[in-house]
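Input: a single structure, listed below in structure tokens.
The values are calculated or read from the model by the stated rules, or taken from the named source; none is laboratory data. Computed from a prediction, not measured in an experiment: that's the story for all the values here. Virtual Cβ from ideal backbone geometry, glycine too; neighbours counted across all protein chains shown. The accessibility values were calculated without ligands, DNA or RNA, using every heavy atom of the protein model including side chains. Shrake-Rupley method; radii C 1.70, N 1.55, O 1.52, S 1.80 Å.
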Amino acid sequence: LANYLEEFERNAVRLGAKVYWAATPAEHNEIVLGILQRHGATKVVKSKSMLTEECHLNPYLERHGIEVTDTDLGEWIVQLRHEPPSHIVLPAIHIKKEEVGELFHERLGTEKGATDPPYLAAAARKKLREKFLDAQAGITGVNFAIAETGGLVVCTNEGNADLGVSLPKVHIACLGIEKLIPRLADLSV
């Protein structure tokens, strides 16, 4: 593993990335904050990342004056409700559409009593697009890091991670060593 970590770093740096190492959640959060501060970023869009959830990155950044918007729809709903996610894959599964409708009415100005999922999703999409366009940095998790190439793979079913990687001027990819695979050929497994 140590060899693969060093190989990944060499190849990622060769491609233009900067690699930082953190031994603790506190160190991770300090590194992320430092990057944001160096770039003058005060508004961040973030896609689902269990590592940042485990490190409590959002409240840490918010205490330092950084506005963080979770852009995964379920994550954003629980963020608006000031709740932690209830499930690793379905963070808002415990919330009824009627509750989402009321939340969006209060926070986004949607029609009172609206419960139609396509209508609510369209309202969320509109507001989140504004957040993407306004953000100075994007933070994503990583599904796979490839030692052989120095490349990262971020999987998404909503397109939010794609926007978070490509729209803001700064992209911060947060990953644990368990995401590392040796070769590109191993990705297909």
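At a glance:
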{"quantity": "Counted residues, segment 89-144 - those being part of a helix (DSSP H, G or I), within 17 Å of Leu167 (Cβ to Cβ) and open to solvent by 60 Å² or more (accessible area, probe 1.4 Å)", "calculated": "7"}
{"quantity": "Number of the condition not met by Leu5 [criteria: (1) open to solvent by 40 Å² or more (accessible area, probe 1.4 Å); (2) in contact with a helix residue (DSSP H, G or I) (Cβ under 9 Å, 6 or more places away or on another chain)]", "calculated": "(1)"}
{"quantity": "Residues (under 19 Å from Val68 (Cβ atoms) and either hydrophobic (A, V, I, L, M, F, W, C) or modelled with pLDDT under 95 (or both)) located in segment 83-117", "calculated": "Glu83, Pro84, Pro85, Pro91, Ala92, Leu103, Leu108"}
{"quantity": "Segment 55-72 - residue that is in contact with a helix residue (DSSP H, G or I) (Cβ under 6 Å, 6 or more places away or on another chain) and part of a helix (DSSP H, G or I) and, of those, surrounded by the most Cβ atoms within 10 Å (Cβ to Cβ)", "calculated": "Leu57"}
{"quantity": "Subset of segment 145-189 [among the small types (Gly, Ala, Ser) and either within 15 Å of the chain's Cα centre (by Cα) or part of a loop (DSSP other than H, G, I, E, B) (or both)]", "calculated": "Ala147, Gly150, Gly159, Ala161, Gly164, Ser166, Ala173, Gly176"}
{"quantity": "Counted residues, segment 12-27 - those being outside any loop (DSSP other than H, G, I, E, B) and either closer than 17 Å to Glu54 by Cβ or among the aromatic types (Phe, Trp, Tyr) (or both)", "calculated": "3"}
{"quantity": "Cross-chain or 6+ apart pairs with Cβ under 6 Å, segment 11-36 first and under 14 Å from Ala145 (Cβ atoms), then part of a loop (DSSP other than H, G, I, E, B) and open to solvent by 20 Å² or more (accessible area, probe 1.4 Å)", "calculated": "Asn11/Thr149; Ala12/Val19"}
{"quantity": "Filtered residues of segment 30-54 (kept if crowded, with 20+ Cβ neighbours inside 10 Å and in contact with a helix residue (DSSP H, G or I) (Cβ under 6 Å, 6 or more places away or on another chain))", "calculated": "Val45, Ser47, Lys48"}
{"quantity": "Residues located in segment 145-175, provided they are of a type in the set (A, V, I, L, M) and open to solvent by less than 30 Å² (accessible area, probe 1.4 Å)", "calculated": "Ala145, Ile146, Ala147, Ala161, Val170, Ile172"}
